[in-house]
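Okay, so here's the structure we're looking at.
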Amino acid sequence: MNTRLESDSVGTREVPSEAYYGVQSMRAGENFSITGTGMNPAFLRNLALIKKAAAITNCSAGELDRDKAKAIEEAADEVIRGDFSDSFIVDAVQGGAGTSANMNMNEVIANRANELLGGRKGTYDRVHPNDHVNMAQSTNDVVPTAGKMTVLDLMKPLIDELIRLEKALSEKSVEFDDVIKMGRTQLQDAVPMRLGQTFHAYAAMVRRDRKRLENTEKEMLSVNLGGTAIGSAINTSLGYLNGIVPCLAKISGLPLRQAEDLFDATENLDGFVAVSGALKTCATDLSKMCNDLRLLSSGPKTGLGEIALPAKQNGSSIMPGKVNPVIPEVVTQVAFLVIGHDTTITMAAEAGQLELNAFEPVLFYNLFESEIAMKGAVTTLIDNCITGITANRERCRTLLESSAGIATALNPYIGYRKAAEIAKKSVRENRSVREIVLSEKIMTDAQLDRILDPYALTGAGTAGRAAM
């Protein structure tokens with residue numbers, strides 16, 4: 001393999017001659033063989049966008065030669081397009097607060113810019129990774145800004161899927177509005193309800209989770225770019241400091257704004273904790289719903305069996321014909337992943353010291369994965385489960401009529417004590433509440449028809465019915 005010599009403050013190393021990365025990236029690749037996972041492609045695109053914006057702004061401020069700026073812009077555009085993906089060799093989890101990620105980008109863009117200006121890779125005689133590509137920047141403002149932009153990029157498809165899930169659940173609430181069933185509390189018979197109300201409640205929950213996530217997006221729009229090392233904006237010109245965020249906002253299409261306190265925005269990562277917390281809450285809610293779906297579809301003959309989930313694949317290698325609720329199961333597993341990631345993100349944010357948090361790489365690795373996994377889980381939940389759910393109407397009716405729970409409706413007419421006696425007798429003698437009330441001549445058929453009308457018992461004035 002042909003090599004070239006490159007030097008840094010640690011020493012001199014041979015680098016593959018055709019590589020667009022340089023000596024600092026190569027050292028990081030050797031030092032951080034951690035997860036085997038490269039940096040997120042959206043994160044790399046956003047790093048390149050920042051480099052492009054910096055070149056434009058430094059040129060406008062009179063700090064960077066126009067030819068160099070144009071070469072950096074063109075090289076950054078190629079990276080944004082997806083070129084040179086094999087040149088980003090640093091692991092997603094790395095020491096140094098993201099310096100290796102920043103330098104990997106600086107070296108790739110510098111080497112490509114040198115080529116564009118007629119030079120050779122590794123010479124850096126026309127465009128230098130630090131002096132030109134990284135001009136007026138620090139890892140400490142570049143990496144958090146790229147992280148926030150990536151959170152926003154990955155959040156949009158997740159929110160779009162949550163909107164779709166809310167719609168699918170709302171449609172099921174209408175479809176199942178006439179299905180009367182027994183509601184349960186603490187897994188015991190409670191009072192009647194409509195299956196549509198169950199799904200309407202799920203839709204309301206998802207809507208709330210979506211809004212929670214949308215609210216956290218606002219924090220991600222405030223970035224510390226321009227603050228350089230610790231927030232003091234050292235090594236920046238006034239033109240760059242005032243112009244970099246508006247320029248990045250323009251070329252990225254995101255309504256970014258520069259943080260009011262750059263010191264605060266550089267050292268504190270609580271905004272990411274808020275995003276992770278909202279993701280955790282959403283994951284918890286979706287897992288609870290999926291637990292319900294598994295219970296309601298249990299059986300199909302010996303469980304509740306009130307609904308049927310679409311059969312997606314064989315459920316056993318030994319039991320013929322068995323079909324398992326694999327889609328709700330995988331959503332719950334994603335919830336476990338997100339909840340675990342939230343703990344890591346919380347600890348990473350807490351571990352920052354003084355003017356910088358060095359643990360952003362592991363925070364981003366977990367946060368990006370949470371967003372990606374959640375989006376995938378919601379997509380499969382909609383397409384492979386929710387839209388295909390059917391109601392077992394007769395089973396719901398049979399369980400309702402055999403339950404002693406409807407005795408609750410008698411309370412206003414015969415009192416709690418007498419209603420409790422009837423409920424206990426119903427369970428003990430395996431007779432319906434209606435049968436016992438009639439046999440003891442407590443009420444007439446007409447009275448019971450009015451009082452025990454299942455649809456009326458589901459709450460004609462509830463918000464659930466009004467919304468449907």
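The values are calculated or read from the model by the stated rules, or taken from the named source; none is laboratory data. Note that the coordinates shown come from a computational prediction; the quantities given were computed from them, not determined experimentally. Cβ coordinates were reconstructed from backbone atoms using ideal geometry, including for glycine residues, and neighbour counts include every protein chain displayed. Accessible surface is based on the protein model in full, side chains and every heavy atom, while ligands, DNA and RNA are left aside. Shrake-Rupley method; radii C 1.70, N 1.55, O 1.52, S 1.80 Å.
Computed quantities for the displayed model
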quantity	calculated
Subset of segment 398-410 that is open to solvent by 50 Å² or more (accessible area, probe 1.4 Å) and under 13 Å from Leu457 (Cβ atoms) - its residue that is modelled with the lowest pLDDT	Glu401
Meets criteria (touching a strand residue (DSSP E or B) at 6+ places or on another chain (Cβ under 8 Å) and of a type outside the set (A, V, I, L, M)) for Thr139	no
Qualifying positions in segment 128-148 - open to solvent by 20 Å² or more (accessible area, probe 1.4 Å) and outside any loop (DSSP other than H, G, I, E, B)	Asn130, Asp131, His132, Asn140, Lys148
Residue that is most open to solvent (accessible area, probe 1.4 Å), among those in segment 1-24 that are touching a strand residue (DSSP E or B) at 6+ places or on another chain (Cβ under 7 Å) and closer than 13 Å to Ile89 by Cβ	Pro16
Qualifying residue in segment 26-40 (condition: farther than 13 Å from Ile109 by Cα and touching a Cys at 6+ places or on another chain (Cβ under 7 Å))	no
Tabulated pairs, segment 25-46, first open to solvent by 40 Å² or more (accessible area, probe 1.4 Å), second in a helix (DSSP H, G or I), C-beta under 7 angstrom, 6+ apart or interchain	Phe32/Ser100; Arg45/Ile80
Count of residues meeting criterion [of a type in the set (A, V, I, L, M) and open to solvent by 70 Å² or more (accessible area, probe 1.4 Å)] in segment 290-310	1
Odd one out for Leu169 among (1) in contact with a Leu (Cβ under 8 Å, 6 or more places away or on another chain); (2) buried (at least 20 other Cβ atoms within 10 Å of the Cβ)	(1)
Test for Lys121: is it touching a residue at least 60 places away in the same chain (Cβ under 8 Å), charged (D, E, K, R), assigned to a loop (DSSP other than H, G, I, E, B) and within 24 Å of Ser17 (Cα to Cα)	yes
Any hit, segment 356-367, residues being of a type in the set (Val, Ile, Thr) and crowded, with 24+ Cβ neighbours inside 10 Å	no
Where Ala278 falls short, out of the listed (1) under 24 Å from the mean Cα position of the chain (by Cα); (2) within 25 Å of Ile80 (Cβ to Cβ); (3) aliphatic (A, V, I, L, M)	(2)
Residue match in segment 214-237 (condition: on the phi < 0 side of the Ramachandran plot, open to solvent by less than 10 Å² (accessible area, probe 1.4 Å) and acidic (Asp, Glu))	no
Qualifying positions in segment 444-467 - modelled with pLDDT of 85 or more and of a type in the set (Ser, Thr, Tyr)	Thr444, Thr458
All positions within segment 227-256 that are without any contact (Cβ under 8 Å) to a residue 40 or more places away in the chain and in contact with a strand residue (DSSP E or B) (Cβ under 6 Å, 6 or more places away or on another chain)	Val245
Helices (runs of 4 or more DSSP H) contained entirely in segment 350-468, each with at least 1 residues that are under 38 Å from the mean Cα position of the chain (by Cα), closer than 25 Å to Ile307 by Cα and not β-branched (Val, Ile, Thr)	360-384, 393-402, 463-467
Selection from segment 240-289 of residues that are in contact with a Lys or Arg (Cβ under 7 Å, 6 or more places away or on another chain), open to solvent by less than 20 Å² (accessible area, probe 1.4 Å) and either outside any helix (DSSP H, G or I) or over 26 Å from Val362 (Cβ atoms) (or both)	Val245
Segment 445-457 residues that are farther than 19 Å from Leu195 by Cβ, paired with ones that are hydroxyl-bearing (Ser, Thr, Tyr) and at pLDDT 85 or above (beta carbon under 7 Å, 6 or more apart)	Ile451/Tyr413
Number of the condition not met by Ile451 [criteria: (1) touching a helix residue (DSSP H, G or I) at 6+ places or on another chain (Cβ under 6 Å); (2) crowded, with 21+ Cβ neighbours inside 10 Å]	(2)
Any hit, segment 311-320, residues being surrounded by 17 or more Cβ atoms within 10 Å (Cβ to Cβ) and free of Cβ contacts under 8 Å to residues at least 12 places away in the same chain	no
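So that you can scan it fast, the table gives a plain yes or no per residue for (1) in a helix (DSSP H, G or I); (2) over 18 Å from Leu295 (Cβ atoms); (3) in contact with a Pro (Cβ under 7 Å, 6 or more places away or on another chain):
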{"position": "Met193", "(1), (2), (3)": "no, no, no"}
{"position": "Phe199", "(1), (2), (3)": "yes, no, no"}
{"position": "Ala203", "(1), (2), (3)": "yes, yes, no"}
{"position": "Asp209", "(1), (2), (3)": "yes, yes, no"}
{"position": "Glu219", "(1), (2), (3)": "yes, yes, no"}
{"position": "Thr228", "(1), (2), (3)": "no, yes, no"}
{"position": "Ser232", "(1), (2), (3)": "no, yes, no"}
